[in-house]
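This report refers to the structure that appears directly beneath it.
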């Protein structure tokens, strides 16, 4: 599914194939675009960073933007795998066992996509905070909106990870995801 289709599905209240995980990744992608624009608008001025640093940050944000747009699609695909697993037959014990394994496997994928996107959004947020007070003041509202969108992206992705955890029965995998969530939340507090 292309990112335009994912975006159209996010905006369609009748469609249930795409949800908050993709929307959170898109929030991060928008943030990357806005914050990258602010970095580029800060070139050739004296706002506190060297031009090469603004270019470096803007280029990194461009890469993050592309990765988050792909992450929107990855999250939508992960959700489709979960719905597909739930549609598997469950008439016999063997079918039930296959279905349980498929649901758990899809749950892991459903948590991995937003985990990756949460880390990308966190980096967008970090860059936004680096530019606070060191960027073109005429674009301060754009920077603030970008920072807020990045935070929404992180928060939404974390919630999406948590929403998939009940599908996972393997304790070591669950523990890893819980540790990943804690690390993301701690790093957000430190920024």
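Key figures for this structure:
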| item | result |
| --- | --- |
| Test: residue in the range 165-176 that is modelled with pLDDT of 95 or more, surrounded by fewer than 15 Cβ atoms within 10 Å (Cβ to Cβ), more than 20 Å from residue 102 (Cβ to Cβ) and in contact with a helix residue (DSSP H, G or I) (Cβ under 9 Å, 6 or more places away or on another chain) | no |
| Candidates 60, 67, filtered to the one that is surrounded by 15 or more Cβ atoms within 10 Å (Cβ to Cβ) and under 25 Å from residue 9 (Cβ atoms) | 67 |
| Given (1) more than 12 Å from the chain's Cα centre (by Cα); (2) closer than 27 Å to residue 10 by Cα; (3) assigned to a helix (DSSP H, G or I), index of the condition residue 117 fails | (1) |
| Count - residues of the range 11-45 that are surrounded by 20 or more Cβ atoms within 10 Å (Cβ to Cβ) and modelled with pLDDT under 90 | 1 |
| Residue within the range 20-37 that is over 22 Å from the mean Cα position of the chain (by Cα) and more than 17 Å from residue 163 (Cα to Cα) present | no |
| Qualifying residue in the range 46-56 (condition: in contact with a helix residue (DSSP H, G or I) (Cβ under 6 Å, 6 or more places away or on another chain) and either modelled with pLDDT under 95 or surrounded by fewer than 24 Cβ atoms within 10 Å (Cβ to Cβ) (or both)) | no |
| Any hit, the range 151-162, residues being farther than 20 Å from residue 176 by Cβ, within 18 Å of the chain's Cα centre (by Cα) and crowded, with 23+ Cβ neighbours inside 10 Å | yes |
| Tabulated pairs, the range 21-42, first without any contact (Cβ under 8 Å) to a residue 40 or more places away in the chain, second buried (at least 24 other Cβ atoms within 10 Å of the Cβ) and part of a helix (DSSP H, G or I), C-beta under 6 angstrom, 6+ apart or interchain | 36/61 |
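The values are calculated or read from the model by the stated rules, or taken from the named source; none is laboratory data. What you see is a predicted model, and the numbers here were worked out from it, not measured in a lab. Using ideal geometry, Cβ is built from the backbone for each residue, glycine included, and neighbour counts are taken over all protein chains shown.
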